[in-house]
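Where a number appears in this text, it was derived from the coordinates with a stated rule and is not lab data. What you see is a predicted model; the values in this text were computed from it and never measured. Ideal geometry is used to build each Cβ from the backbone, glycine not excepted, and the neighbour counts take in all protein chains shown.
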């Protein structure tokens, strides 16, 4: 069972370069998320997509853009990478936010990004 | 400002001992999640607590939720080395926005 798949797993960028993190889920979930994880900071929400065709900013959106390409795929783009964007990035998905079932959020394996 | 605070941030405990991790949050949330993360790995769902007074147990872990106090606890009974990991709580104060705590790094010593 694939679940949530992210690529690449590791990437080193030079300051100012751009790149896109790809994410796909095969659980037919409506909602998708991008988080970053930094030591001592827990996970912070960058952007989310409540449903196909919509995206919204989270806690720390500056320096990022997203695209919900279709129901399965949600990409995160760094247009001009900065050292402060060195982090571990997690893509996640959930069925939706509703009244029943708890709507557990499922995470990908993470992408380790270093900006030098 | 919404805050989800966990304490302790670091916990080193002996095998066989009991301990509790606390998760306090500053705004209304009708549900709370607990996750586990092993080093270098993704997050794995442990518990979903959907209402005030909810209690869930799995093996040596038991989670509870008090929505009036805005507090959840994760109790560890007779810890074993395999429980060493970082534990996160998360609340959902608004539609779609899961907000995570800073995590509690647990190390169980043999």
To one decimal place, what Kirkwood hydrodynamic radius in Å is obtained for the range B:49-110 from all pairs of distinct Cα atoms?
-> 13.0
Of A:34, B:34, how do they rank once you tally other Cβ atoms within 10 Å and put the fewest first?
-> B:34, A:34
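Considering Cα pairs under 8 angstrom that are at least six residues apart, work out the relative contact order of chain B and quote it in whole percent.
After rounding, I find 36 percent.
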Among A:41, A:27, A:19, the residue with the largest mean-square fluctuation in a Gaussian network model of chain A built from Cα contacts under 10 Å is A:41
Using only the Cα atoms of the range B:1-107, what do you get for the radius of gyration and for Dmax, in Å?
-> 13.0, 40
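Fewest to most neighbouring Cβ within 10 Å: what's the order for A:88, A:116? Mind showing how you got there, number by number?
Numbers: A:88 16, A:116 10.
Exposure proxy ranking, most exposed first: A:116, A:88.
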For the range B:8-54, state the semi-axes of the equivalent ellipsoid (square roots of 5 times the eigenvalues of the alpha-carbon gyration tensor), sorted largest first and rounded to whole angstrom.
-> 23, 16, 11
The range B:66-110 versus the range A:38-91: alpha-carbon centroid distance in Å | 23
What spacing in nm lies between the two simple spin-label points modelled at residue B:13 and residue B:44, each 7 Å away from Cα in the Cβ direction?
-> 1.8
Provide A:9, B:97 in ascending order of the number of other Cβ atoms located within 10 Å of each residue's Cβ, fewest first.
-> A:9, B:97
Looking only at B:35, B:25, B:98, which one moves most when chain B is put into a Gaussian network model with springs between Cα atoms under 10 Å?
-> B:98
Separation of the residue B:81 and residue B:27 label points, Cα + 7 Å toward Cβ, nm = 4.3
Run the numbers on the range A:16-56 and let me know its relative contact order in percent, using alpha-carbon pairs under 8 Å that are six or more apart.
-> 31
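Once you have the alpha carbon radius of gyration of the protein assembly as shown, what is it after dividing by 2.2 N^0.38 Å, with N set to its residue count? Please report the intermediate quantities before stating the final value.
On the way: Rg = 17.5 Å, N = 226, 2.2 N^0.38 = 17.3 Å.
That works out to 1.01 for the protein assembly as shown.
State, as an integer percentage, the relative contact order of chain A based on alpha-carbon contacts under 8 Å between residues 6 or more apart. Mind dumping the intermediate values first?
On the way: 302 pairs, mean separation 40.8, N = 116.
In percent, rounded to a whole number, it is 35.
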Take every residue in peptide B:98-109, count the Cβ atoms of other chains within 10 Å of its Cβ, and give the average of those counts.
-> 3
Tell me the label-point distance for the pair residue A:5, residue A:51, using the 7 Å Cα-to-Cβ offset, in nm and rounded to one decimal.
-> 2.7
Once you treat every alpha carbon in chain A as an equal point and sum by Debye, what is log10 I(q)/I(0) at q = 0.19 Å⁻¹?
-> -0.95
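Mind checking the mean number of beta-carbon atoms from other chains within 10 Å of the Cβ atoms in B:39-49? Walk me through the intermediate numbers first.
On the way: counts 0, 4, 3, 12, 10, 2, 5, 1, 2, 5, 1.
Per residue, the average neighbour count from other chains is 4.
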